[in-house]
Amino acid sequence: MYPLLETIHSPADLRLLPRAQLKALADELRAYLLHSVSQTGGHLSSNLGTVELTVALHYVFSTPDDRLVWDVGHQTYPHKILTGRRDRMGSLRQMGGLSGFPRRDESEYDTFGTAHSSTSISAALGMAMAAKQKGEERHAVAIIGDGAMSAGMAFEAMNNAGVCDCKLLVVLNDNDMSISPPVGALNRYLAQLMSGQFYASAKNVGKQVLKVAPPLFELAKRLESHAKGMVVPATLFENFGFNYIGPIDGHDLESLIPTLENIKHLMDKGEGPQFLHVVTKKGQGYKLAEADPVAYHGPGKFDPAMGLQKSSAPAKQTFTQVFGHWLCDMAEQDQRLVGITPAMREGSGMVEFHQRFPDRYYDVGIAEQHAVTFAAGMACEGLKPVVAIYSTFLQRGYDQLIHDVALQNLPVVFALDRAGLVGADGATHAGAYDIPFLRCIPNMSVACPADENECRMLLSSAFAQNHPVAVRYPRGAGAGVATQPGLEALPFGKGEVRREGKGLAILAFGTLLYPALQAAEKLGATVVNMRWAKPVDTELLLRVAAGHDALVTLEEGAVMGGAGSAVAEALAAAGVSKPLLQLGLRDEFTEHGDPARLLALQGLDAAGIEQSIVQRFGVLPAPAQRPLKSVA
């Protein structure tokens with residue numbers, strides 16, 4: 001089925017093909033990609049859109065000596081296939097298999113690990129300047145999407161690159177689509193540039209004015225070929241110090257390859273940093289993905305002939321859906337609520353909110369730093385912002401979280417989706433660090449719901465506060481606890497005893513409450529649903545500590561500095577000394593794979609919890625049960 005593609009084991013083989021065969025190769029590559037992703041699941045629309053661009057880049061540049069840096073990296077499946085990993089695509093995003101993103105330890109062609117957006121220009125510039133400093137003749141190419149270009153870091157890098165004399169090319173892959181629909185002035189700017197209407201209208205106006213002066217009109221006609229550079233928005237990139245070229249069709253190899261060859265020649269002549277604007281289509285070549293690139297952004301397994309099918313079995317409600325329903329219900333009740341997302345409308349469950357409350361919905365683009373400070377500004381004016389953001393992406397707005405929100409003690413709610421392990425996306429997307437990095441910030445509080453109903457109620461608790469609060473919840477569904485109607489809140493900073501036992505008490509933070517209850521049945525242990533990592537329910541903690549011989553903390557987050565550390569600090573402050581076992585994510589990056597298996601490998605399933613407790617404490621004596629009474 002793939003006679004040309006099967007001859008390509010590296011880009012060196014690709015460069016041996018006659019140019020006339022590249023179109024056929026691209027067709028085979030697209031067909032193989034569609035078949036492969038349909039078998040494993042993964043990012044599809046973005047990869048279908050970069051097939052020709054990938055072929056052209058590897059054909060013109062001498063990779064891996066020339067460096068390609070793919071922004072975000074979820075569009076690198078064609079790159080992986082052409083760089084010797086075709087036969088391993090069946091293992092994509094599975095434990096021990098290929099990553100869904102570029103990884104330096106996976107291939108020499110993956111020159112920089114990416115998965116968060118807007119880092120490519122900085123990295124490629126660093127590589128280009130390192131080559132210059134070392135006296136090495138190589139090119140560095142950053143491939144960045146129009147969505148990623150909306151982030152400040154991309155412009156910081158361009159600002160720096162514009163004054164650097166190096167062999168750097170920035171390829172703007174403009175597909176008019178990030179994950180959610182594109183937003184912002186940059187998107188309008190690019191659309192204006194592509195349409196040419198700005199140029200056409202400016203030229204027509206100029207002709208009307210100049211007709212009264214024939215000599216000037218004739219001069220204008222002779223200079224018309226240069227006029228576009230004076231009036232179209234390409235001057236933005238040129239003002240950064242780049243030589244702007246484009247836009248060109250990113251699916252037309254007959255345009256791409258000569259253009260890239262000319263740009264490479266300019267780089268070799270020392271003409272400074274280059275900027276190529278290519279226009280591509282997400283889902284290119286697969287009509288269903290072209291029609292709905294959002295649905296096919298990251299599908300699971302499916303039949304390409306049938307497309308995505310809705311399951312007939314009722315799906316369990318996800319935490320993301322719980323948040324989306326709560327957001328709409330609370331917005332109905334409180335006119336001050338505004339919803340903010342950094343380009344993750346679908347992923348954060350805000351589609352319905354956007355539809356029902358468009359004037360209170362704000363997608364700020366891929367700009368987490370701006371999202372946090374934007375929320376702070378709204379809170380200053382009496383609104384109640386809810387920032388829906390993945391745990392892993394809040395890391396990118398940490399300074400703003402401290403300086404602009406917490407220091408001013410502003411009532412912003414952070415709905416932290418994807419807290420804990422995330423499965424196939426791996427270490428770059430795992431929400432492992434939010435408890436440690438949030439609980440050390442003054443004025444911040446952190447809620448850890450154990451199930452869907454608690455998530456809804458703790459969101460209401462957070463919204464009722466007059467200071468910043470984060471509610472962390474995992475990807476996917478939980479224990480399947482039905483949510484109650486209404487907007488009832490749980491008591492702020494208070495936990496509950498879920499199971500009475502003897503000798504040992506397990507203090508669970510978040511959804512690991514349920515495997516803790518299973519383990520406790522075999523151990524005869526007490527189980528406490530702590531609910532809050534900050535503030536810790538100290539009264540309940542000391543009461544439990546007084547009635548038990550040993551304590552275990554349990555969290556799906558980094559154990560270093562996490563909720564278990566908060567318990568240890570509270571006990572130490574009270575002068576209470578008890579054997580304490582802290583269970584959570586180990587001090588290592590967790591690989592991609594099946595979430596349940598990853599959790600088991602971390603020892604955080606019921607069997608692992610039981611095993612860790614027995615290994616640490618052995619068979620605990622069973623003293624007469626002491627009442628759980630308050631400690632003065």
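The values are calculated or read from the model by the stated rules, or taken from the named source; none is laboratory data. Everything numeric here is computed off the predicted structure, so don't read it as measured data. In this analysis, Cβ positions are derived from the backbone assuming ideal geometry, glycine residues included, and neighbour counts consider all displayed protein chains.
Brief remarks on what is shown
- Apart from one condition, Arg345 fits all of (1) among the charged types (D, E, K, R); (2) in contact (Cβ under 8 Å) with a residue 60 or more places away in the chain; (3) surrounded by fewer than 18 Cβ atoms within 10 Å (Cβ to Cβ); the exception is (3).
- Subset of region 337-392 [of a type in the set (Val, Ile, Thr) and in contact with a strand residue (DSSP E or B) (Cβ under 7 Å, 6 or more places away or on another chain)]: Val338, Ile340, Thr341, Val364, Val372, Val386, Val387, Ile389, Thr392
- Residues within region 334-365 that are acidic (Asp, Glu) and part of a loop (DSSP other than H, G, I, E, B), tallied: 2
- Test result for Ser38, in a helix (DSSP H, G or I), under 23 Å from the mean Cα position of the chain (by Cα) and either buried (at least 24 other Cβ atoms within 10 Å of the Cβ) or in contact (Cβ under 8 Å) with a residue 40 or more places away in the chain (or both): yes
- Looking only at residues in region 270-298 that are among the hydrophobic types (A, V, I, L, M, F, W, C) and buried (at least 23 other Cβ atoms within 10 Å of the Cβ), the one that is farthest from His35 (Cα to Cα) is Phe275.
- Region 308-355, subset charged (D, E, K, R) and under 18 Å from the mean Cα position of the chain (by Cα), residue farthest from Gly147 (Cα to Cα): Glu346
- Every residue from region 239-263 that is surrounded by fewer than 19 Cβ atoms within 10 Å (Cβ to Cβ), touching a residue at least 24 places away in the same chain (Cβ under 8 Å) and within 30 Å of Gly135 (Cβ to Cβ): Gly241, Asn243, Ile257, Glu261
A quick yes/no check of all residues on (1) in contact with a strand residue (DSSP E or B) (Cβ under 8 Å, 6 or more places away or on another chain); (2) in the same structural domain as Gly339 (by TED's automatic domain parsing); (3) more than 25 Å from Ile506 (Cβ to Cβ):
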residue	(1), (2), (3)
Ala432	yes, yes, no
Pro436	yes, yes, no
Ile441	no, yes, yes
Val446	yes, yes, no
Glu452	yes, yes, no
Leu458	yes, yes, no
Phe463	yes, yes, yes
Ala477	yes, no, no
Leu487	no, no, yes
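- Met89 vs. criteria part of a loop (DSSP other than H, G, I, E, B) and surrounded by fewer than 24 Cβ atoms within 10 Å (Cβ to Cβ): no
- Sole residue being outside the structural domain of Ser348 (by TED's automatic domain parsing), within 30 Å of Ser38 (Cβ to Cβ) and under 23 Å from the mean Cα position of the chain (by Cα), chosen from Gly84, Gly147, Gly90, Gly152: Gly147
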